[in-house]
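Before any comments, here is the structure.
The values are calculated or read from the model by the stated rules, or taken from the named source; none is laboratory data. Computed from a predicted model, the values in this text were never measured in an experiment. With ideal geometry, Cβ positions are generated from the backbone for all residues, glycine too; neighbour counts draw on all protein chains shown. Remember, those area values only see protein heavy atoms, side chains included, never the ligands or the DNA or RNA. Shrake-Rupley method; radii C 1.70, N 1.55, O 1.52, S 1.80 Å.
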Amino acid sequence: MLTGVRTVFVGGDARQIEVIRKCAEMDASVMITGFEKLQDSFQGVTREPLTPELLSGADALILPVVGCDDEGRVSALFSEGALRLQEEHIAAMPGHGVIYTGMAKPYLRSLCDKYKIKLVEILERDDVAIYNSIPTAEGALMMAIQNTDFTIHGSTSMVLGMGRTGFTMARSLQGLGAKIRMGVRRSEHYARAEEMGWKPFMIRDLGSFVSDIDLLFNTIPTMIVTAQIISKMPREAVIIDLASAPGGCDFRYAEKRGIKAMLAPGLPGIVAPKTAGIIMANTLVELISEEIKIRGDA
């Protein structure tokens, strides 16, 4: 239980609704800001404006999965106005307070360092990332089906990056009968891809493997699908970039060449917000409970 724990939620999308519900059910003291458009009347939850005073008593500040940008702007789907997390807000937090977010930009990291506030990036956890890779893969498959006139079964589908999302993506494509080409950067990933029945290649050789592909799914958040690579791809190919914005594809050149390329970060919150929210909620409750135990043992 989270009895007596003061949690403040600032912004978010439909995923955050599940997290708010879970914290309220666990008997935390829950305050939310940036949810004016949401008609849902949460039991035991109070709505407050974003002020330093609100955060001065917060044991936990919960930000959206994408945190805030480098000017402090917080994504808030249900807010009537812009939300901005400023230095004065972080400065007001108590020393034992913890900020939880999916991922953090340098702006937030630097403020937490300056004021010695603990920052937890939930998506850095393997379990959360693996669970999130499931709705990500489902959403990417949906986009592929909607934007092609051929079946995934029998297609030549390339996945770049054999991390948690890349592995689930390739396995899902394989389950639908696609022929998988897996771009990797490590020898152990090459071996695992081969063991899975995929056709692995080293990322440095990407240009030699794209001339006849139907679908390309990128999970690497650096510019990897360059104009040079795109120039070697069939015009009918479709690129779905799953990396965090701005992605790893030269979208300008893809459009110029007539190749359909889409940036699709944050798919769990779009295609399965309830499931994605429950994943985040369970993890967050576990983390806050651990923090309470650490403080109690200190």
Which one is nearest to the chain's Cα centre (by Cα), of the residues in the stretch 255-272 that are aliphatic (A, V, I, L, M) and either assigned to a loop (DSSP other than H, G, I, E, B) or surrounded by 22 or more Cβ atoms within 10 Å (Cβ to Cβ) (or both)? LEU267
Test: residue in the stretch 14-31 that is farther than 15 Å from ALA281 by Cβ and either modelled with pLDDT under 95 or in contact with a Lys or Arg (Cβ under 7 Å, 6 or more places away or on another chain) (or both): yes
For helices (runs of 4 or more DSSP H) lying entirely in the stretch 1-103, having 2 or more residues that are of a type in the set (Lys, Arg) and open to solvent by 10 Å² or more (accessible area, probe 1.4 Å) picks out 14-25
Look through the stretch 281-298, keep the residues that are open to solvent by 20 Å² or more (accessible area, probe 1.4 Å) and of a type in the set (A, V, I, L, M, F, W, C), and return whichever of them is modelled with the lowest pLDDT. ALA298
Is at least one residue of the stretch 140-147 free of Cβ contacts under 8 Å to residues at least 24 places away in the same chain and outside the structural domain of ILE278 (by the TED database)? yes
I'd like to check something: does the stretch 5-25 contain any residue that is assigned by the TED database to the domain that holds ALA281, without any contact (Cβ under 8 Å) to a residue 40 or more places away in the chain and more than 18 Å from ILE278 (Cβ to Cβ)? no
Show me the strands (runs of 3 or more DSSP E) entirely contained within the stretch 149-241 in which 1 or more residues are crowded, with 23+ Cβ neighbours inside 10 Å. 156-160, 179-184, 215-218, 238-241
